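Take a look at the structure set out below.
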């Protein structure tokens with residue numbers, strides 16, 4: 001499947017007589033995202049313009065419209081608001097809230113793996129937004145760092161709800177294809193193309209692994225090779241990749257990425273509850289997620305060298321080939337007849353997250369303080385009991401003689 005190629009003529013074009021298309025922010029497998037302006041309300045917007053090949057697919061257009069209406073009804077701080085949808089000439093488009101900032105992918109590239117308290121700060125709004133959607137019967141199907149936006153004010157929001165489902169149910173797909181982003185697909189999406197809220201849970205589990213370690217759990221030279229590994233392999237504990245990951249984060253990843261959907265959290269709400277249990281156990285502090293400094297959105301008004309979605313132009317510090325991070329349609333017929341690879345052997349990193357000693361993180365110091373406080377209380381309690389026993393014995397000694 002060819003990658004979407006933006007039409008230069010779209011820049012400056014006014015869609016539907018209302019939305020002016022300005023600078024291109026990024027391109028993905030099937031669409032381009034532009035900075036735009038709602039001329040009627042004088043409001044900055046983000047405009048996702050689909051490839052022209054979808055304009056002739058009536059089934060896709062019907063589903064696209066239906067999904068946009070459903071997502072527009074969702075209200076949560078962790079969800080990018082959908083304002084409008086339509087088709088202008090040969091280009092279906094979606095008008096959304098413009099989040100001034102950047103993507104979680106760009107932040108990972110700038111700063112590398114995250115400590116647990118930062119991971120929890122990202123996950124709370126992600127799981128909160130997903131929980132609202134799951135309660136409404138909607139499934140995202142394409143959770144990945146490219147679809148998690150971080151504003152300059154520290155807000156974290158999920159984008160692109162409903163788009164993959166519209167594509168999956170259109171005539172361009174069938175039971176013989178897989179649609180999604182290879183690195184984050186749940187096993188059942190690879191095997192049958194079907195999924196529910198637990199498919200999103202699996203993708204969030206992979207996301208946690210990546211935030212903690214800086215890489216996704218299944219390597220591979222091609223998207224299909226990456227996708228099919230999860231049918232035969234479990235996601236390894238993050239602590240086997242980078243030392244110092246708390247056991248609780250190993251456990252939440254293991255549950256979220258169970259190959260059997262029945263073994264996962266039922267939905268994002270249940271997973272969010274477990275995250276809060278972990279945050280309390282580890283006394284994780286609150287954290288404001290920083291926006292990436294050199295994001296494509298910030299550069300969209302001043303550069304013509306626009307990266308593909310998931311690429312910032314910054315050095316890539318490990319991780320997956322960009323091709324495995326695009327939303328794509330894969331044919332199962334492309335799967336090579338070969339044995340699945342053994343579980344990857346990782347060289348564990350030691351003692352650091354993002355170049356900072358683990359002992360420097362607030363949660364680690366708090367845990368040490370709690371252990372010390374426990375022993376102080378225990379010693380004082382034992383001393384108090386001994387003193388009370390001595391006093392009681394001294395008081396009653398005359399009665400015993």
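The table that follows gives values for the structure above.
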| quantity | calculated |
| --- | --- |
| Protection proxy ranking of 140-153, 254-267 - average other beta-carbon atoms within 10 Å, highest first | 140-153, 254-267 |
| By average C-beta atoms within 10 angstrom, highest first, the peptides 216-229, 73-86 | 216-229, 73-86 |
| Where labels lie 7 Å past Cα in the beta-carbon direction, separation of residue 66 and residue 194 in nm | 1.7 |
| Theoretical gain in end-to-end length, residue 383 to residue 273 [0.36 nm per residue, Cα-Cα removed] | 35.7 nm |
| Ranked packing of 45-58, 111-124, most packed first, by mean Cβ within 10 Å | 111-124, 45-58 |
| Inter-label distance for residue 90 and residue 266, nm, one decimal - labels placed 7 Å from Cα along Cα-to-Cβ | 4.9 |
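Taken together, the values in this text are just the output of simple stated rules run on the coordinates, not laboratory data. Because the structure is predicted, anything quoted here is derived from the model rather than measured. Cβ sites come from the backbone with ideal geometry, for glycine too, and all protein chains shown count toward neighbours.
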